[in-house]
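Single-structure report; data block below.
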Amino acid sequence: MATARVETGKGYVGELLRNRKFLIGLIIFLTLLTLAVAGNLTTDPASRRSGSFPARLPPGPGWPLGTDTLGRSIAVQISEALPKSLQVGLIAAFLGTFFGALIGFVSGYFGGMVDAVLRVLIDVFLSIPSLLFLILIAALVKGVNVQAMALIIGAFAWPSPARQVRAQVLSLKERAFVQVARLSGMSGLEIIFRELMPHMLQWLGANFVNAFLSAVLTESGLSLLGLGPQREMTLGMMVYWALSYAAILQNLWWWWAPPVLALICLFLSLYLIHLGLDEVSNPRLRSQA
Amino acid sequence: MAYLRYLGQRLVILVATIFISITVVFFVPRMVPGHPLAAVFSKLAAMGGSLNAPELIEEYTRIFGLDRSLWEQYVSFLRELARGNLGYSISSFPSHVSDLLKPAIPWTIGLLTVTTLISWILGSLIGAVVGWRGQKSRFFQALVPVALVLYSIPYYILAIILIFLFAFHWPIFPLPGPYSVGIERELSLEFVLDVLRHAILPALSIILVSLGWWFLSMRSLITSLKGEDYILQAEAKGLSDQRILWGYAFRNALLPQATGLAISLGHIVGGALLTEVIFAYPGLGSLIYSSIQGKDYPLIQGGVLLIILSVALANFLIDITYPLIDPRIRTERAGRG
């Protein structure tokens, strides 16, 4: 049994690495990550303060990506912003996937009244633009930091995984191996964790990446509205500061372009990774092209 | 009969959405530590003891019964809401929140309906053609990665790039704003054209991104329909390629494509609100943005509630018209939802 599992694992990873979308996405993502970590390790936190550099300079030696109106280096900012944006995404995606999977499992497995209620809840929260609830909360919480932001976003990230896990469980639970487990006296939770979970893991991975992507998206959206962490730097906050100092119209392209490009690369890479994971775990989705 | 049951299910979702969102909007400010009007007080303090301060606080306490129990407060909140009373704005007291929201609504609805319809129709048509004949043409193949990149960019990021390229670098389009500064606001051809010219870039940023998505989804739907029995039969009957694509494959793919529209409406609206902010477009998104900047919590609350309820209603309308294009849902599918 153990060896069989290792073999399927290898096959899965191998198949993933042969998937072009996954591979391109992974390379872009790792490049971003490496740049961010390297930048973060080589910068002195003191240089993050405003006025550490001369203001409004185009890229040059000492400030490879230029400086902003407040005398901050764009390169230093981005080396702080990228890891923090990733942190928001990671925490929120973990919370969303975990609670989403839990709700989906319970709803799909137990059925009946529990399912009826949870299904309505899932449908309702799916149809409401969660950004709006987040605006409502973030506007009240004073001085959010990156972690608080991640928690708030994560609290609304469960509906989509919940819906999909529920559908998966519904189709899995009628299979013979689940029936056997039930007949042999396993409890509901045991069946969920020992029999159903292993089937769902690959597929939860795709969901996790998706939740990651939408959490980073939400963070940048909230920051753009002025609801982001004011004392810390995230990619969304960088865009926010650049826009509130009219960086476009003052032709300070080196201020707004790096965070915008970083966001595009991040979204594209996560989306490609998500597509790759989805295709490998659902062979039916593979395009014929 | 089955249609009625389906209608009933959708109605339950609609009512639940309205109820849950109103409840969340009511409880969120009360769950956060501090007085529910803390935002009001801090704003008043920041304005340096404004003239209207005591009246405003008194009025709030009276309308929302803040000295009474939570349950009574909730009931009076619902009662005022049913009358369309969303309270008073703080930054422009004594204006009602509802009076401030009203002028913003047409801008948002105009921008959203036009862009969503254009991108959905155009994306579905191009997606169908490329899905049907894609393999034969290099050009069609090249569209796929382009759409993929476009779709993965959020509207508001594309908006920034479009402003830089087409309003700043090559000033083909006007700078962000609803209309030119100093133009007469009247119903003249000049004014209408000016508004339209200002709307092109915001519309383009939404259309390009969502076009990518509708294109990709229609393409994969058509590709997956190709091997179906009824398509093969239509081919065997000798029907023309055009007729099979538009009369058979496309019609069937329209159904999931319409469901897709209902599902993603919330995302489209959320993204469009941010696009408005970037373009200083005077819709609900910009109104919420300025109320955040002005710490005008009742206005934020009112705007958020209005948008959530409209999205819920729009979803409901798409859901109940859906069976009209899908006869199956009236019979077999109804039970499963």
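The values are calculated or read from the model by the stated rules, or taken from the named source; none is laboratory data. This is a predicted model, so every value here is computed, not measured. Virtual Cβ from ideal backbone geometry, glycine too; neighbours counted across all protein chains shown. Note: accessible area is taken over every heavy atom of the protein model, side chains too, but ligands, DNA and RNA are not part of it. Shrake-Rupley method; radii C 1.70, N 1.55, O 1.52, S 1.80 Å.
Give me the residue from region B:282-294 that is open to solvent by less than 10 Å² (accessible area, probe 1.4 Å) and more than 7 Å from chain A (Cβ to nearest Cβ) and, out of that set, farthest from B:Leu306 (Cα to Cα). If we take residues in region B:282-294 being open to solvent by less than 10 Å² (accessible area, probe 1.4 Å) and more than 7 Å from chain A (Cβ to nearest Cβ), then B:Ser291 is farthest from B:Leu306 (Cα to Cα). Exactly one residue out of A:Gly14, A:Gly62 is at positive phi, at pLDDT below 90 and surrounded by fewer than 21 Cβ atoms within 10 Å (Cβ to Cβ), and it is A:Gly62. Number of residues in region A:190-239 that are open to solvent by less than 30 Å² (accessible area, probe 1.4 Å), at negative phi, not β-branched (Val, Ile, Thr) and not in a helix (DSSP H, G or I) equals 5. The C-beta contact set for region B:190-201 (first residue surrounded by 12 or more Cβ atoms within 10 Å (Cβ to Cβ), second residue at pLDDT 90 or above, distance under 6 angstrom, 6+ apart or interchain) comprises B:Leu201/B:Leu162. Scanning region B:225-263 for residues that are modelled with pLDDT of 85 or more, open to solvent by less than 70 Å² (accessible area, probe 1.4 Å) and polar (S, T, N, Q) yields B:Ser240, B:Asn252, B:Gln257. Screening A:Gly112, A:Gly143, A:Gly108 for residues that are more than 13 Å from chain B (Cβ to nearest Cβ) and at positive phi leaves exactly one candidate, A:Gly112.
Screening B:Gly238 against (1) more than 13 Å from chain A (Cβ to nearest Cβ); (2) within 30 Å of B:Ser152 (Cα to Cα); (3) more than 23 Å from the chain's Cα centre (by Cα) leaves a single unmet condition, (2).
You will find that of B:Pro202, B:Pro178, the residue that is more than 14 Å from chain A (Cβ to nearest Cβ), out of contact with any Cys (no Cβ under 6 Å at 6 or more places or on another chain), under 14 Å from B:Thr115 (Cα atoms) and not aliphatic (A, V, I, L, M) is B:Pro202 and no other.
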